[in-house]
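S.K.: Here's a structure for you.
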Amino acid sequence: MRAIWKGAVSFGLVSIGVKVYSATEEKDIRFHQVHREDGGRIRYKRTCSVCGEEVTYDDIAKGYDLGGGEMVILTDEDFAELPLSTSHAIDVLEFVPAEQVDPILYNKAYFLEPEGTATKPYVLLRDALTDSERVAIVKVALRQREQLATLRVREGVLLLNTMLWPDEIRRPDFGFLDEDLKVRPPELAMASSLIDSMAGEFEPDAFTDDYRAALQEVIDAKVEGREVVQPEEEEAAPAAAVDLMAALKASVERARAARGEAPSGGGAEPTPISSARSAKKTAAKKTEPAKKTPARKTAAKKTEPAKKTAAKKTAAKKTPAKKKTA
């Protein structure tokens, strides 16, 4: 990894020299725009809309549009004169419980590495944060912009999470929020049951980007000159629920079946899924061939009385012979 920023964490009167590294990276497959006929890269020229001349990066400045065709031009010197006390420092403002920071405020994540002789105070701050179960609210200037951020511990390393400013968070303004919609208690109970049946422990490694893998397979096939194999089609999404309660019951049963659990009690009202399964089982039973075992048992029963009768006749024949001998 390459450090993108160097400075110090200002912790009271303690200064901890650190290097900042990007903690995340995008894995998206990137493409270039090319000419369809010959594959040539598409290039764009930076031209001025007034004089029409091509402009180099050295001649480009930043302009703020005032509206009405008026523009205020700012140069690098204008930005350099701005007061940024955090240009090379991460100033700790306060320590707060982590649950008080709304996750919507989080923007980007960076690892902090101690620099030079700052390892001991770095470890001190890390361990103190861990023991306090709090996060540090800090200010930092990255890429000429002062940002609010948090410092917390992750896998033994201080993690800097830059945040959006509160006025950068939009307020949801949707019509349904003003409607008087009431959820019936049975529906809420069934929805809670569905949540319980789908509850689990979050393991990020269990999830994969299937689209990116399929796209990479297409690219590899093109490179190797082999046929592109289409991935298996996923099960179509169910249609919008007409009966909310029936859809919730069916969802609960499907979640239980996915976990290998037995369906709900027999006295419960049949759901669309349970009805379909019952129909399949009935059809399977009708198609099974008749078993011959009962016929064999019946024949055996009929044979037993015949054996007893024959035995009686034999005994009757032998008895007169014994009398004559006497």
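We did not get these values from a lab; they are worked out from the coordinates using the rules stated. Values in this document were obtained by computation on a predicted structure and should not be read as measured data. With ideal geometry, Cβ positions are generated from the backbone for all residues, glycine too; neighbour counts draw on all protein chains shown.
S.K.: Would you list, by chain and number, the aspartates and glutamates whose Cα falls below 17 Å from the Cα of K249, excluding same-chain residues fewer than 8 positions away?
M.R.: E187, D196, E261, E269
S.K.: Below 14 angstrom from the Cβ of E53, what's the summed charge of the other residues (Lys, Arg +1; Asp, Glu -1)?
M.R.: For residues surrounding E53, the net value is -1.
S.K.: Within the stretch 1-109, which GluC sites (Glu not before Pro) sit in a loop by DSSP and count at most 15 neighbouring Cβ atoms inside 10 Å?
M.R.: Here the GluC sites (Glu not before Pro) that fit, given the DSSP loop and packing criteria, are E25, E26, E37, E53, E81.
S.K.: While we're on this one: Cross-link partners among aspartates and glutamates for K45, C-alpha distance below 15 Å, same-chain residues fewer than 8 apart left out?
M.R.: E53, E54, D58, D59
S.K.: What length, rounded to one decimal in nm, is gained on full extension from H88 through to A3, with 0.36 nm per residue of separation minus their alpha-carbon distance?
M.R.: 29.2 nm
S.K.: In the structure displayed, which of K27/K120; K27/K108; K19/K120; K108/K222 lie more than 26 Å apart, Cα to Cα?
M.R.: Check vs 26 Å cut-off fails for K27/K120; K108/K222.
S.K.: Now a separate question. Roughly what would the spin-label model give for F176 and A23, points 7 Å off Cα along C-beta, in nm?
M.R.: 3.4 nm
S.K.: Let me make sure I get this right: for the stretch 1-154, a, b and c are the square roots of the gyration tensor eigenvalues over alpha carbons, sorted descending. Under 1.5 in a/c it's rounded, otherwise prolate if a/b > b/c, else oblate. Which is it?
M.R.: Prolate shape, in that a/c is at least 1.5 and a/b is the bigger ratio.
S.K.: So, one more: As an exercise, identify the chymotrypsin sites (Phe, Trp or Tyr not before Pro) in the stretch 34-69 lying in DSSP coil whose Cβ has no more than 16 other Cβ atoms within 10 Å.
M.R.: Here the chymotrypsin sites (Phe, Trp or Tyr not before Pro) that fit, given the DSSP loop and packing criteria, are Y44.
S.K.: Please enumerate, by chain and number, the aspartates and glutamates with C-alpha under 16 Å from the C-alpha of K6, excluding those fewer than 8 residues away in the same chain.
M.R.: Answer for K6, where 16 Å is the Cα cut-off: D91, E113, E115, E146, listed by chain and number.
S.K.: Now a separate question. Tell me which trypsin sites (Lys or Arg not before Pro) from the stretch 1-86 have a DSSP coil assignment and no more than 15 other beta carbons within 10 Å of their own.
M.R.: R2, K27, R30, R36, R43, K45, R46
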